[in-house]
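Down below is the structure, laid out as structure tokens.
The values are calculated or read from the model by the stated rules, or taken from the named source; none is laboratory data. None of the values given here were measured: they were computed from a predicted structure. Neighbour counts are summed over all protein chains in view; Cβ atoms, including those assigned to glycine, are modelled from backbone coordinates with ideal geometry.
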Amino acid sequence: MIQYSRGIRVHAGLIDWLWVRIHTDTGLTGLGETYPCSPAELGVIERSFAPHLLGADPLNIDKLWADLFLGVSYHGWAGAEVRALSAIDMALWDLAGKHANLPVYQLLGGASRQTIPIYNTCYDHLDFHKEPVRLARELLESGIRAMKIWPFDPVALRLRGERLSPQGLQEGLEPLRLIRQELGDAIAVAMEFHGYWHLPDAIRIAKALEPYDPMWLEEMLPQDNLAAYRELASATCLPLTISERLMTRWGFREVLHNRAARVIMPDISWCGGISEAKKIAAMAETEYLPVAPHNCGGPVLHFASAHLAANLTNLYILETVRRHYLDEYRGLLTADLLPINGRLPLPPGPGLGVDLMPDVLTRPNVCVTHLRA
Ligand SMILES: [Mg+2]
């Protein structure tokens, strides 16, 4: 039975992580996480979720998910409501794993691989605008054979919708052009666009990138008009991805039915949790589409994403951020999860296999809220 829970807000630079720790009468606890606006997400848990959760059996994950979603979907099935639900769901899976004394990936259906393919999102000590080849070489030397960069962002932010000049196009192409010139196809390179472009210039950029064979083109347009995405998809042979910001199976249904992307990218801490990401992946599998989970949040998400990635039969590749696991996550959790020869090992168990370091709750950038029956 769920006895009480704690909302733990962590100020982590520009964003806040929210950790949720669910406590039960057996003494087991479950840990979940979401971001980036912890006061809003905690408000949803406090006001809408806690009354349903306190006293409930935490092992009935699907029913609890449906009850909580029903409670909030009337006033919006996206936003802080679903981010909060994602954190709760993650904590319930952690609890279920600890109860069964099994890692979460075993509860999801077992390991579909023994090591997990990853790419590095390049929030890095080396600037990919200035030193793309050095950065790519360094990643290759550490065994990592895929990276993600966003060299068109400064161009887009300068133009704010004005026509992309040939010089601007070349500026955005330059890092990938240099990597291909110096390293050939030794490293896969995903191109991220953060939704800054409109359709005509997105098509021009996609066509110009085709000879360089990027791994995918991510979020070239804002995600709200999937018919425009379909037009973009039909104009290029390169695979598109969107969807890190989409939520629930109904949100992803629109992407799949519109053939708007060829790589599906749910974020466990945003889309509705581990339960929802597993369902979204199954829906993608029926369309013969692979899944590349978005994993650019906090340290608990990193473990949860590894459990999901270990299990999925249609995993493409998992996002990781070197700066996070080498630096920002350090000292927060009872374990690290680092790549070995460019791939992640299977994450530990039971549950998510990790907990907060005992002293974390008393740190000055951490604020703890107790929710009791
Ligand atoms: Mg992205």
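Within the stretch 74-83, is even one residue under 28 Å from GLN223 (Cα atoms) and over 22 Å from the mean Cα position of the chain (by Cα)? Yes, that holds for at least one residue.
With the structure loaded, tell me whether ASP67 is more than 20 Å from THR29 (Cβ to Cβ) and either assigned by TED's automatic domain parsing to the domain that holds GLY297 or modelled with pLDDT of 95 or more (or both) or whether it fails that test.
So ASP67 passes the test.
Just so you know, in the stretch 138-163 the residues that are within 16 Å of the ligand (Cβ to nearest atom) and in a loop (DSSP other than H, G, I, E, B) include one that is nearest to HIS198 (Cα to Cα), and it is PHE152.
Every residue, every condition in (1) out of contact with any Asp or Glu (no Cβ under 8 Å at 6 or more places or on another chain); (2) among the charged types (D, E, K, R), yes or no:
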position: HIS194; (1), (2): no, no
position: TRP197; (1), (2): yes, no
position: ASP201; (1), (2): yes, yes
position: ASP213; (1), (2): no, yes
position: TRP216; (1), (2): yes, no
position: MET220; (1), (2): yes, no
position: GLN223; (1), (2): yes, no
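For the stretch 272-285, the criterion of being surrounded by 24 or more Cβ atoms within 10 Å (Cβ to Cβ), among the acidic types (Asp, Glu) and either in contact with a Pro (Cβ under 9 Å, 6 or more places away or on another chain) or within 21 Å of LEU238 (Cβ to Cβ) (or both) is satisfied by at least one residue. Counting residues in the stretch 195-211 that are modelled with pLDDT of 95 or more, assigned to a loop (DSSP other than H, G, I, E, B) and away from the ligand (no atom under 16 Å from the Cβ) gives one or more.
Which condition breaks for LEU183 when tested against (1) touching a residue at least 40 places away in the same chain (Cβ under 8 Å); (2) surrounded by fewer than 21 Cβ atoms within 10 Å (Cβ to Cβ); (3) closer than 30 Å to GLY353 by Cβ? Failing condition for LEU183: (3). Take PRO117 and tell me if it is more than 16 Å from the ligand (Cβ to nearest atom) and either crowded, with 21+ Cβ neighbours inside 10 Å or under 30 Å from ASP224 (Cβ atoms) (or both). The answer is no for PRO117. Restricting the search to the stretch 214-236, which residues are within 14 Å of VAL263 (Cα to Cα), away from the ligand (no atom under 16 Å from the Cβ) and in contact with a strand residue (DSSP E or B) (Cβ under 8 Å, 6 or more places away or on another chain)? Within the stretch 214-236, just ALA233 meets the criteria. Considering the conditions (1) crowded, with 19+ Cβ neighbours inside 10 Å; (2) without any contact (Cβ under 8 Å) to a residue 60 or more places away in the chain; (3) assigned to a helix (DSSP H, G or I), THR241 is excluded by exactly one of them, (3).
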